[in-house]
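Here is the structure we will look at, set down as structure tokens.
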Amino acid sequence: EVQLVESGGGFVKPGGSLRLSCAVSGFSFRNAWMGWVRQAPGKGLDWVGRIKSKADGGTIDYTAPVKGRVVISGDDSRNTLDLQMNSLKTEDTGVYYCIASRTPGAYDVWGQGTMVTVSS
Amino acid sequence: DIVMTQAPLSSPVTLGQPASISCRSSQSLGHSDADTYLSWLQQRPGQPPRLLIYMVSKRLSGVPDRFSGSGAGTEFTLKISRVEAEDVGVYYCMQITQLPHTLGQGTKLEIK
């Protein structure tokens with residue numbers, strides 16, 4: 001079964017760090033472009049960033065509000081995508097979805113999401 | 001950044017009737033490779049988003065054929081030919097032609 005399962009969410013104080021993971025199953029992680037989208041409580045969806053497959057250069061890009069504070073990385077041996085988040089702000093609060101593009105031009109697989117709460 | 005603007009933001013529809021959602025981009029979504037990377041997502045209440053349509057009009061496997069996408073350049077439309085109860089939720093357009101990828105504000109589809 002094609003599946004993305006996120007973990008690592010939780011409660012953290014402003015300025016703190018958190019590492020989210022996304023376990024991939026049912027398809028080849030090394031051939032997919034992977035990324036993260038987040039959703040603040042009661043709000044819409046915001047793209048966070050993505051990493052291309054190694055075959056396509058492995059380029060990583062981020063949205064401006066998180067650039068310099070988050071790092072996306074992939075581990076082919078564990079079939080896992082990680083999102084290291086540092087210097088967290090209250091506005092980073094939300095559900096973080098792991099996404100995958102197996103089909104060129106579309107993020108066709110979405111995880112269930114993991115909740116991150118940044119609050120003092 | 002490309003701004004994606006959806007209309008309407010809320011759409012009350014009668015069961016069995018058609019529904020249409022518009023998405024306008026601030027720049028053309030035509031890529032240098034000649035494809036247009038505009039997708040439509042559905043988020044049912046309490047659920048994660050799921051992809052319905054990609055590259056303007058390609059329906060993902062398993063998506064009912066009552067969903068269709070059309071458009072070009074900066075104007076795109078998602079149509080549901082006959083709304084069913086399971087279609088209730090929020091619909092988003094998303095462009096991945098240009099970085100950063102961006103999404104519309106969402107259109108809430110509800111039953112009258």
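Applying 1/(1 + (r/R0)^6) with R0 = 22 Å to the Cβ-Cβ distance of B:Asp33 and A:Thr59 gives a FRET efficiency near 0.85. Diffusion coefficient of segment A:69-120 by Stokes-Einstein, Kirkwood radius over Cα pairs, 20 °C, 1.002 mPa s: 168 µm²/s. When all alpha-carbon pairs of chain A are counted, what percent fall beyond 24 Å? Roughly 20 percent, once rounded to a whole number.
Under the definition of partner shielding as Cβ atoms of other protein chains within 10 Å of a residue Cβ, what is the mean value for peptide A:103-113?
6
For peptide A:45-55, the mean count of partner chain Cβ atoms within 10 Å of a residue's Cβ comes to 3. Direction-averaged projected area, Cα convex hull, chain B: 6.5 nm², rounded to one decimal. Centroid-to-centroid, using Cα positions, segment A:1-66 and segment B:52-83 are 25 Å apart.
Between chains A and B, what is the buried accessible area in Å², counting both sides, with a 1.4 Å probe and ligands, DNA and RNA left out, to the nearest 100?
On the way: alone 6160 and 5900 Å², together 10530 Å².
Chains A and B together bury approximately 1500 Å².
Equivalent-ellipsoid semi-axes for the protein assembly as shown (Cα gyration tensor, √(5λ), whole Å, largest first): 28, 20, 17. Figure legend: label point modelled 7 angstrom from the Cα of B:Val88 along Cα→Cβ; residues of segment B:1-34 with amide N under 13 Å from it are B:12-15. Within straight-line reach of B:Lys108, meaning a Cα separation under 23 Å, sit the following lysines at least 8 residues removed in sequence or on another chain: A:Lys43, B:Lys58, B:Lys79. Computing FRET efficiency as 1/(1 + (r/R0)^6) for A:Asp75 and A:Arg102, where r is the C-beta to C-beta distance and R0 is 30 Å, gives about 0.95.
Compare B:Ser57, B:Ser70, B:Ser39 in a GNM of chain B, Cα atoms joined below 10 Å, and give the one with the largest fluctuation. Its mean-square fluctuation being the largest, the pick is B:Ser70.
How large a share of the accessible area of segment B:1-74, in percent, is made up of carbon and sulfur atoms when the probe is 1.4 Å and the other protein chains stay in place?
48
Near B:Val88, within a Cβ-to-Cβ distance under 13 Å, what is the net charge of the other residues, with Lys and Arg +1 and Asp and Glu -1?
Numbers: positive: B:Arg44, B:Lys108, B:Lys112; negative: B:Glu84, B:Glu86, B:Asp87, B:Glu110.
Neighbourhood net charge equals -1.
Shielding value for B:75-88 is 0, the average number of Cβ atoms from other chains within 10 Å of each residue's Cβ.
The phi-based Karplus calculation (6.51 cos²θ - 1.76 cosθ + 1.60; θ = phi - 60°) puts the 3J(HN,Hα) values of segment A:21-31 at 10, 9, 8, 9, 9, x, 7, 7, 4, 5, 9 Hz, whole numbers, x for Gly and Pro. Across segment A:90-100, coupling constants 3J(HN,Hα) worked out from phi with the 6.51/-1.76/1.60 Karplus curve, θ = phi - 60°, read 4, 6, 7, 4, x, 8, 9, 9, 8, 10, 9 Hz, and Gly and Pro carry x. For A:Gln112 and B:Ser22, a Förster radius of 41 Å and the Cβ-Cβ distance give a FRET efficiency of 0.90, rounded to the nearest 0.05.
The values are calculated or read from the model by the stated rules, or taken from the named source; none is laboratory data. From a predicted model like this one, the values you see are computed outputs, not experimental measurements. So basically every Cβ, Gly included, is an ideal-geometry build from the backbone, and we count neighbours across all protein chains shown. We work out accessible area using only protein heavy atoms, side chains counted, and drop any ligands, DNA or RNA first. Shrake-Rupley method; radii C 1.70, N 1.55, O 1.52, S 1.80 Å.
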